[in-house]
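What follows is a set of notes on a single structure, which appears directly below.
The values are calculated or read from the model by the stated rules, or taken from the named source; none is laboratory data. Owing to the predicted nature of the structure, the values given are computational and were not obtained by experimental measurement. Quick reminder, even Gly has a Cβ in these numbers, built from the backbone with ideal geometry, and neighbours come from all protein chains shown. Quick note on the areas: whole protein, heavy atoms, side chains included, nothing else; ligands and nucleic acids left out. Shrake-Rupley method; radii C 1.70, N 1.55, O 1.52, S 1.80 Å.
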Amino acid sequence: MEIKSIKNFYTPNSFDRVGLNFILNKNYKKYYDHASGYNYPIHDNAKFFEKLYELFLKECKILFGDFDLSPLNQKTCFCYRSNKDTWVSAYHDHIRTSIINGVYYYDVEKGDSISFLNNGKEHIYYPDKNELLVFPCHLVHKPNRPVGNKYRYSINMEIITTQSVDEIFNRK
C-alpha cells in the first residue's frame, strides 16, 4: 500500500491543546452539518491550522520531491470528530478533491483505527496521537468506531498538484 507514516508530525504542548480544542469545538458548532457530511472545515481562529497545512506541504515535498500546486489547491483543513456514540463513517476516497491526502491524528485513543481497502482486502491501521498519514487520493479508507467515549479528532488535509497521482507516488 502507498501509505507514508510520519510519527510525532506535530506535538502541541498542553497549553496549546486547550486553545486548539476551543478552535475545533467552535468550528464544529459553526460549520458541522449533520445532514451533509462527516467533516467540517476549520475557518475561524485557524492560524494554527494554516501553519499545520504548511508543515504538511513541506513534509510532502520531502517525501515526494518538488511538485507544482494546482490553482485549484486550497489550504483548508477539515476535522473529523467522533466518539463511540457519535461515530458515523463510510468507505470513501478523495479522487475528486485531491492528489495527495493527509490525515493528522490530533487526538486519538490507543486502539482507535482506520481501515484501508487494497486489492479487495481490508487493512486496519492503528495511528498514534500526533501521527500523520499521507496517501494517494484513490486509496479507499474509513475511520473505524472509536474505542472510548473521549472525542477522536483527526485533521484531513489535501493537496492538488499539476502532476498526476501516479507521477507523485511513483517517484523514487
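Arg145 sits with roughly 130 Å² accessible to a 1.4 Å probe, with DNA, RNA and ligands left out of the calculation. Lysine pairs in segment 57-152 whose alpha-carbon atoms fall under 24 angstrom of each other, counting only those eight or more residues apart or on distinct chains, come to 18.
From helices alone, the chain scores -7500 deg cm²/dmol at 222 nm; the rule is -39500 (n - 2.57) for each run of n ≥ 4 DSSP H residues, then divide by the residue total.
Tell me whether segment 95-138 comes out rounded, prolate or oblate; compute the Cα gyration tensor, take square roots of the eigenvalues as a ≥ b ≥ c, and use a/c under 1.5 as the rounded threshold. It comes out oblate by the Cα gyration axes. A crude spin-label estimate for the pair Arg145 and Asn170, with each label 7 Å from Cα along the Cβ direction, gives 4.1 nm.
Charging the Cβ of each Asp and Glu at -1 and of each Lys and Arg at +1, and nothing else, the dipole of segment 67-144 about its Cα centre rounds to 140 debye. Quick one: dipole size for segment 11-137, taken about the Cα centre, charges +1 on Lys/Arg Cβ and -1 on Asp/Glu Cβ, in debye to the nearest 20. In debye, rounded to 20, segment 11-137 gives about 280. The residues of segment 18-172 expose, per residue, 52 Å² of accessible area to a 1.4 Å probe. Of all the options Glu122, Glu131, Glu50, the one that moves most in a Gaussian network model of the chain with Cα springs shorter than 10 angstrom is Glu122. Dipole of the chain computed with +1 at Lys/Arg Cβ and -1 at Asp/Glu Cβ about the Cα centre; of Phe135, Leu20, Ile42, farthest Cα towards the positive end is Leu20. With the simple model of a label 7 Å out from the Cα in the direction of the Cβ, Glu50 to Ser89 spans 3.2 nm.
Both radii were evaluated on the Cα set of segment 40-172; the Rg over Rh quotient, with Rh as the Kirkwood radius, amounts to 0.96. Each other residue within a Cβ distance under 12 Å of Arg17 adds +1 if Lys or Arg and -1 if Asp or Glu, for a net charge of -1.
If you take the square roots of the eigenvalues of the alpha-carbon gyration tensor of segment 32-113 and sort them as a ≥ b ≥ c, do you get rounded (a/c under 1.5), prolate (a/b over b/c) or oblate? Taking the square roots of the gyration eigenvalues as a ≥ b ≥ c, segment 32-113 is prolate.
Within segment 91-172, the chymotrypsin sites (Phe, Trp or Tyr not before Pro) that combine a DSSP coil assignment with at most 12 other C-beta atoms in a 10 angstrom radius are Tyr91.
Using heavy atoms of the protein chains and a probe of 1.4 Å, the accessible area assigned to Ile160 is about 40 Å². Using only the C-alpha atoms, the convex hull of segment 1-73 corresponds to 150 Å³ per residue.
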